[in-house]
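Visitor: Got a structure for you, questions after.
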Amino acid sequence: MEKRKLEKLGIETSLLGFGCMRFPTTPDGKIDEAEAERMMDKAIASGVNYIDTAYPYHNGESEPLVGKVLKKYDRSSFYLATKLPLWAVKSVDDAKRIFEEQLQRLQTDYIDFYLLHAVNKEKWEEMKALGVVDYCAKLKEEGKIRYYGFSFHDDYEVFDEIIRYRDWDFCQIQYNYMDTEEQAGDKGYALAESLGIPLVIMEPIKGGSLANFSDDINAKFREMDPDKSIASYALRWVGSHSNVKVILSGMSTMQQVEDNLKTFIDFSPLSDEEENKIKAIVEELRSRVQNGCTGCRYCMPCPAGVNIPGNFQVWNRYHMYRTYDHVKGAWEKELKDEEKAKNCIKCGKCEALCPQKLSIRDNLVQVQKDLDERIFA
Ligand SMILES: NC(=O)c1ccc[n+]([C@@H]2O[C@H](COP(=O)([O-])OP(=O)(O)OC[C@H]3O[C@@H](n4cnc5c(N)ncnc54)[C@H](OP(=O)(O)O)[C@@H]3O)[C@@H](O)[C@H]2O)c1
């Protein structure tokens, strides 16, 4: 198993971390506990020593299951990470109560890696003002947590502000070969490295999006090596960055556990040739984007209630990946019917405001048509 030294903390972690957000489930939506335990046991037996869970995962079932499974292992043989759900915290007392509950759920008296969960600008300001950021620092002084960090979902500028605010032990960011300019991105990676702050990576396969593409793109990966899974290239791309110390994968089947173990037991960074091929694939994927909506929201609010950037995001992703699976959730669940492109009344107010000068009205017609006709399977 590939291991990485976290020089700042004087410890060593397995490069593959078990993300406990995507366990297999039974038909009633509960965790399939027997299978999840088998998967965790397999990973641990193969050298995985970093387990990442959080208060809300699987509707609150993830932490108790992780506690139950890890109980049979020597407490010093693994690193346990969990997170404070900021959206449920309105006072330091809330944070205290939730932390105590987490210790109970996880059947432990300390957490190795404790994170402020999903920090963005708004939550950051709120948590600072409430004293929650300082409260978690106190948990470390008291030995209840060993390392203090945050997981991040916002733009680079916000990341820059938060990461410089205090001497964090580590932080967790979303990073993969498609998201180099999203969220913290390449700039965030470089900044953390320059500050000597070790990185834990979430969504290395972009939630599964980088495990399967349209046939033409899949063929380009297979040409490199037909025996390697497409997901393995995404994991190796992330692992080729030396300040990445843990790559969390939310594995949902034993097959995925086995495939990812194969990638990390015999880990090799990408060769220059592989890296160039992936770069070309990324360019090809990006060239399929239909319009240059940047999501700046200058066009909003729309008088007819259309979520203009939301529709364009789905549309661009649909063309990029050319499979309906990639956008099914966003189109069918996240984007409400009243926000869909079909509600456009063609007033043109948005076009006067768009800094990219997009033909928003024509594009919205096309969005609805492409998705209604399901032009890609
Ligand atoms: N702090 C935060 O705000 C935050 C946010 C997100 C995640 N996380 C943590 O980070 C972990 C990793 O994020 P993630 O779960 O989004 O990771 P990910 O690795 O990007 O995506 C996981 C998904 O990728 C697919 N996959 C994994 N291995 C595969 C393989 N070998 N072959 C084919 N498909 C494969 C599966 O998709 P299918 O199930 O569709 O097959 C799996 O559910 C989470 O589990 C969680 O612990 C934290």
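Visitor: How much accessible surface does Lys245 have with a 1.4 Å probe, in Å² rounded to 10?
Guide: Only protein atoms counted, so the area is about 20 Å².
Visitor: Over the alpha-carbon set of the chain, work out the extent along each principal axis and list the three values in angstrom, largest first.
Guide: Taking the Cα atoms of the chain, the three principal extents are 62, 52, 46 Å.
Visitor: Follow-up. Return the ratio Rg/(2.2 N^0.38 Å) for region 64-187, where Rg is computed over Cα atoms only.
Guide: Numbers: Rg = 15.1 Å, N = 124, 2.2 N^0.38 = 13.7 Å.
Ratio of Rg to 2.2 N^0.38 Å for region 64-187: 1.10.
Visitor: Taking the Cα centre of the chain as origin, sum charge times position over the Cβ atoms of Lys and Arg (+1) and Asp and Glu (-1), and report the length of that vector in debye to the nearest 20. Please list the in-between numbers first.
Guide: Numbers: 52 positive and 63 negative charges, 100 e Å.
About 480 debye.
Visitor: Along the charge dipole of the chain, pointing to its positive end and built from +1/-1 on Cβ of Lys, Arg, Asp and Glu, which listed residue (Pro226, Asn120, Cys350) has its Cα farthest out?
Guide: Cys350
Visitor: Using modelled backbone amide H atoms (1.01 Å from N, in-plane), which distant-in-sequence or interchain residues come within less than 5 Å of Ile11's amide H?
Guide: Leu6
Visitor: For Ile265 and Leu353, what does the FRET efficiency come to when R0 = 45 Å and r is the distance between their Cβ atoms, rounded to the nearest 0.05?
Guide: FRET efficiency, Ile265 to Leu353: 0.25.
Visitor: Calculate for the chain the 222 nm mean residue ellipticity that helices alone would give, adding -39,500 (n - 2.57) per DSSP H run of length 4 or more and normalising by residue count, nearest 500 deg cm²/dmol.
Guide: On the way: 15 runs with 160 residues, N = 377.
That comes out to -12500 deg cm²/dmol.
Visitor: Which is the longest stretch in the chain that no exposed loop site breaks, taking sites as GluC sites (Glu not before Pro) with a DSSP loop state and at most 12 other Cβ atoms within 10 Å?
Guide: Longest gap between qualifying sites, sites excluded: 182-372.
Visitor: Using the Karplus curve 6.51 cos²θ - 1.76 cosθ + 1.60 with θ = phi - 60°, what ³J(HN,Hα) values do you get for each residue of region 71-85, in whole Hz, with x for Gly and Pro?
Guide: Here the 3J(HN,Hα) series is 3, 7, 9, 4, 4, 8, 8, 9, 10, 9, 10, 8, 9, 7, x Hz.
Visitor: Treating only the Cβ atoms of Lys and Arg (+1) and Asp and Glu (-1) as charged, compute the dipole magnitude of region 308-372 about its Cα centre; round to the nearest 20 debye.
Guide: The calculation lands at about 160 debye.
Visitor: Applying a 10 Å radius around every beta-carbon, put 64-71, 213-220 in order of their mean neighbour count, most first.
Guide: 64-71, 213-220
Visitor: What whole-number value in Å² describes the accessible area per residue of the chain for a 1.4 Å probe?
Guide: 45 Å²
Visitor: Mind listing the Cα extents of region 282-348 along all three principal axes, in Å, largest one first?
Guide: Principal extents (Cα only, largest first): 36, 23, 17 Å.
Visitor: Using Cα centres only, tell me the gap between region 264-295 and region 96-127 in whole Å.
Guide: Rounded to whole Å, the Cα centres lie 34 Å apart.
Visitor: Let me ask another. Return the long-range amide H neighbours of Lys3 (sequence gap of 5 or more, or a different chain), with a cut-off of under 5 Å between placed amide H atoms.
Guide: Leu15
Visitor: Ok, one more. For the chain, give the percent of accessible area contributed by carbon and sulfur heavy atoms, probe 1.4 Å, rounded to a whole number.
Guide: Solvent-exposed carbon and sulfur of the chain make up 47 percent of the total.
Visitor: Multiplying the sequence separation of Ser194 and Asp362 by 0.36 nm and subtracting their Cα-Cα distance, what value in nm do you get?
Guide: 55.9 nm
Visitor: So which chymotrypsin sites (Phe, Trp or Tyr not before Pro) in region 64-144 are both in a DSSP loop and have at most 16 other Cβ atoms within 10 Å of their Cβ?
Guide: Taking region 64-144 and a limit of 16 other Cβ atoms within 10 Å, the loop chymotrypsin sites (Phe, Trp or Tyr not before Pro) found are Tyr73, Tyr110.
The values are calculated or read from the model by the stated rules, or taken from the named source; none is laboratory data. As the structure is a prediction and not an experimental result, all values here were calculated from the model. Methodologically, a virtual Cβ is constructed for each residue, glycine included, from the backbone with ideal geometry; neighbour enumeration extends over all protein chains shown. When the accessible area is computed, the model is the full protein with side chains, heavy atoms only, and any ligands, DNA or RNA have been set aside. Shrake-Rupley method; radii C 1.70, N 1.55, O 1.52, S 1.80 Å.
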